[in-house]
Amino acid sequence: MNINVPQEVLVLVASFLPTASDICNFRFSCRSFATAGFPVLFHSVSVLNTIEHIGGFQSTLGNSALYVTRHLTIQHGEWPVVTSRKAWLQHFLRIKEDLESVDNAFAKYLHFIQQEQQRTFDQDTHFRQLLQALPMLNSLTLSHINKWSWKPFRSPHYNELVRRISTLPHWESVVSQPLLSILALLNTFPKIRRLNIYGSLSPALTQRRHPQILHLEVTSIAGYHKNSSNIESFLSSFPNLRTVLISMEGGGPTGGTTMPLNQLYWPDLHTCTLVNITSEEGELFDFVQRHKGLRFLCVVGATFTSGSWDSFFTQYQCLQNPPSFQTRSLESWRRS
């Protein structure tokens, strides 16, 4: 088939195809379609955060695909650790198997757990090797496996691992430990400009700065008593943000932690979404006033510890060139 269409147009067409299967079928049509679909197919890839999968990632994907990948998702999970067969058989996260396959599954489970326990997240060479294998990477997502709990999880590597060891990962969607490893490496990969963190995060005090990150999404910051300084330290470690989405766990004045808006400043910020935050009315208004370049602000499910929305909007309307403002309920935001 001879298609006299510019390659850029074919790439654009391929980018609108919804699934990898559709892109593969598109590539089977002819040589021009195959060439156009290749960078789209491997534009975004994902890897399960295990030694086995990260170790085989490069050979599985292929050298050509590594140079067209722009976005990487690291899917993290934490599996229960038991050493006795009896404890494993009684564990609530074990998947019941036929008696004939129990011993085989337990042996594979032990091998997997022992292998994972060899990792040291403060100096994780596996993450470094993974990022070095993707020279064109500009966007990185760290996501807990259970983020997909309300949608079909389509990772064949995850499904194969669970089937092989007959064990599910813990339900708690905590990603704090692998994030520390990623942040320790981030400055050595200056092309990465976007960081998404999908999972429960308890920020730690940090002296590091990551000036190359321009876009940040954090969907579940754990707030607890006296944690405000840790949150401020973490968010301030990205000084050049242009877009940011921050979502707090829990929320409300009983949560014990307010969002430290009065301590946050990003000179280049133009788009900001704040979800489930607890703050004072004056702090939110000062935050808007301080960010002169802000063009869009969305506040979802916010709680004021003092002041009111009526007072806030009265002041807001007096601003010169105020940003576009949107408020939404927490339920509608989660559905979107």
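A Cβ distance below 9 Å, combined with a sequence gap of six or more or placement on separate chains, defines the contacts here; from the range 315-329, residues that are without any contact (Cβ under 8 Å) to a residue 24 or more places away in the chain reach residues that are surrounded by 10 or more Cβ atoms within 10 Å (Cβ to Cβ) in the pairs 321/292.
Looking across the range 322-336 at every residue that is in a loop (DSSP other than H, G, I, E, B) and surrounded by 15 or more Cβ atoms within 10 Å (Cβ to Cβ), the one that is modelled with the highest pLDDT is identified as 323.
Scanning the range 126-165 for residues that are among the hydroxyl-bearing types (Ser, Thr, Tyr), surrounded by 12 or more Cβ atoms within 10 Å (Cβ to Cβ) and modelled with pLDDT under 90 yields 155, 158. Within the set 245, 294, 319, the sole residue that is within 22 Å of residue 203 (Cβ to Cβ) and at pLDDT 85 or above turns out to be 245. For the range 305-321, the criterion of being surrounded by 14 or more Cβ atoms within 10 Å (Cβ to Cβ) and under 28 Å from the mean Cα position of the chain (by Cα) is met by no residue.
Checking each residue in the range 190-201 for being buried (at least 18 other Cβ atoms within 10 Å of the Cβ) and either part of a loop (DSSP other than H, G, I, E, B) or out of contact with any strand residue (DSSP E or B) (no Cβ under 8 Å at 6 or more places or on another chain) (or both) picks out 192, 199.
The values are calculated or read from the model by the stated rules, or taken from the named source; none is laboratory data. None of these values were measured; they are calculated from a predicted model. Cβ sites come from the backbone with ideal geometry, for glycine too, and all protein chains shown count toward neighbours.
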